[in-house]
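The values are calculated or read from the model by the stated rules, or taken from the named source; none is laboratory data. Fair warning: this is a prediction, and the values are worked out from it, not measured in the lab. Cβ placement follows ideal geometry from the backbone for every residue including glycine, while neighbour counts extend to all protein chains displayed. Remember, those area values only see protein heavy atoms, side chains included, never the ligands or the DNA or RNA. Shrake-Rupley method; radii C 1.70, N 1.55, O 1.52, S 1.80 Å.
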Amino acid sequence: MSRRHHIPYGRQDVSEEDIAAVVEVLRSDWLTQGPAVPAFERAVAEYCDAKHAVAVNSATSALHIACLALGIGKGDLVWTTPNTFVASANCARYCGADVDFVDIDPATYNLSIDALAEKLTNAKAKGRLPKLLIAVHFAGRSCDMEEIHKLSLKYGFKIIEDASHAIGGHYQHQPIGHCQYSDISIFSFHPVKIITTAEGGMATTNSTELANRMKLLRSHGITREKTEFIHSDQGAWHYEQHLLGFNYRMTDLQAALGLSQIQRLDTFVARRNQLAQMYSDLLCDLPLILPAKSSPDSLSSFHLYVILIDEDRTKFSRRELFENLREQDIGVNVHYTPVHLQPYYRELGFKSGDFPMAESYANKNLSLPLFPSMNDADLVSVATCLRSILCEPSVSKDYHDAYLS
Ligand SMILES: *Cc1c(COP(=O)(O)O)cnc(C)c1O
C-alpha cells in the first residue's frame, strides 16, 4: 500500500481567528505583559473552576515554580511516575531535591495506587517519606486523585498534578485543573498538546498564597504591590525583589493565541474522543492491547492514543511495527522511555529492573496519529495499514528486507 501524504502523530490546529488574535496584539502597545496574559489566566481559571491561574513560558517552568512555591529544596524527596516526559522529574532536581519513582498501573499506564501505597509504607518505616508527589495524567486520563489525596493526608505529602496532556479532561465530573485533590495543577501549551500558545504553560491552584508565590517566582521575584513593600515606597518607580525568581513570563502574543484556542478546547477534546473510539472499533480484533475505557465520571482528553503489542498473540516486535508504519509515512511515536533509564537518571543510581511495569510497557507501546484536524479517511488508512501488517505474518519487515536483498 502506498500513501500519498505523511500523517503526523500530532499537529496543532491554528485557525484564521487565532492568527487574527495574534496579529491584533502585534499592532497593539503591548507585546508582553499587556491585557492578554491576565485575560488568558482568567479564561483557564474559569474553565477549570479554579481560584487562580498563573501563566508562564512553558509547563517545565510551571513545574519548577510550583515545586519552589511548595517549599521543595535541597535534600527533600519528590516522587513521580517513570512513564512521563523528563520535565516531570527534572523540576525537582532544579530545586536540589532527590527524585524517586512509583511504578505504573498496567491498565491505565498512570502511576499505580497499590505501588504508591506499598512504597509509602516502606518509606515510612525507613523514615524517608516524600515531601511532594507529582501525579502525571498520562495521555490525558486522570490519575485516581481521590486515592492519592487520601494517601497524602495519611503520609503528609503535597500534590502537583502534571496535567500537561490533560486540559479539557474531567475527573469525577470536575474539570482537570480544578485542584480538588491537589495543591497545584500544571498545563502545557506546546504545539503537540491539546491547545497551544507555541511555547507556554499554566499553573492552577485554589491557594492565594501559592498563586502569589508563583507570580513572584515567574518574574525575578519582583513585586510592584505597594502593600507588599518591605522598604518605604520611594515613588512610582519603586519595586522590590523579595526572592530569587526567574524570567518565566508568557508574552501577550502567546496569551492571545491561547485565549483564541481555548474557545475550541471542547471541540478538540470531543474530536479526539471520537477518533479514539474509531481506532478502538477498527482495531479491536488485532493482537493489540487498546486503551482501557475511562470510568463514567471521567473524560480523557486523549492527548495520545497508545496501543501495546500483545506479544502473546503476535511474533511482531514493537520495533518492526514502528519501522513498518514509519516507512508508510505514518508518524507513530513512543511515549515514553522510562525517565529512570535516561543516562542522567542512571548516573544518579537508577537501573533496569527498578520499575518493571513501566519497563515492560515501554517495550510494547506505540502512539498512533491523533489530532483534531485528522480526517476519518486518514484514520481508516492507519488502521488498515496496521491490519495488513499484523494479519500477514509473511511480510514481517525482517523477512521483507531479507527477501528483497
Ligand atoms: C510536554 C510535557 C511537559 C513539558 O511541557 P513544556 O510546555 O514543553 O515545558 C511536562 N510534562 C509532561 C507530562 C509533558 O508531556
**Request:** Can you list which of the chymotrypsin sites (Phe, Trp or Tyr not before Pro) found in the range 25-129 are DSSP loop residues with at most 13 other C-beta atoms within 10 Å?
**Result:** W30
**Asked** Of all the accessible heavy-atom surface of the range 304-355, with the other protein chains kept in place and a 1.4 Å probe, what percent is carbon and sulfur?
**Response** 45 percent
**Request:** For A292 and V14, calculate 0.36 nm times their separation in residues minus their Cα-Cα distance, and state this gained length in nm to one decimal.
**Result:** 97.0 nm
**Prompt:** Just V25, V136, V102 to compare: in a GNM of the chain, with alpha carbon springs under 10 Å, which one fluctuates most?
**Reply:** V25
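Under the definition of Cα pairs under 8 Å and six or more residues apart, what whole-number percent is the relative contact order of the range 16-264? Please list the in-between numbers first.
Numbers: 516 pairs, mean separation 66.6, N = 249.
Result for the range 16-264 is 27 percent.
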**Item:** At most 13 other Cβ within 10 Å, DSSP loop - trypsin sites (Lys or Arg not before Pro), the range 329-392
**Value:** K351
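With every protein chain kept in place and ligands, DNA and RNA left out, what is the accessible area per residue of the chain? Probe 1.4 Å, answer in Å². Each step should come with its number before you reach the end.
Values: 18380 Å² over 405 residues.
Accessible surface, normalised per residue, equals 45 Å².
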**Pair D312, R387: separation of 7 Å Cα→Cβ label points (nm)** = 2.5 nm
**Asked** For the range 265-404, what's the relative contact order in percent, using C-alpha pairs closer than 8 Å and at least 6 residues apart?
**Response** 32 percent
**Cα centroid separation - the range 53-80 against the range 257-324, whole Å** = 29 Å
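Please sort by residue number the GluC sites (Glu not before Pro) in the range 251-360 whose DSSP state is loop and whose Cβ has at most 16 other Cβ atoms within 10 Å. Mind dumping the intermediate values first?
Values: sites: E311, E320, E323, E327, E347, E359; in loops: E311.
The qualifying sites are E311.
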**Prompt:** Cα gyration tensor of the range 265-404, axes a ≥ b ≥ c as square roots of the eigenvalues: rounded (a/c below 1.5), prolate (a/b > b/c) or oblate?
**Reply:** oblate
**Asked** Around D98, what is the net charge, scoring Lys/Arg as +1 and Asp/Glu as -1 over all other residues with Cβ under 12 Å from its Cβ?
**Response** +2
**Fill in**
Semi-axes in Å, largest first, for the chain (Cα gyration tensor, √(5λ)) are 38, 27, 18
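Between Q234 and R319, 0.36 nm times their residue separation minus their Cα-Cα distance comes to what?
Values: separation 85, 0.36 × 85 = 30.60 nm, distance 6.54 nm.
Length gained, Q234 through R319: 24.1 nm.
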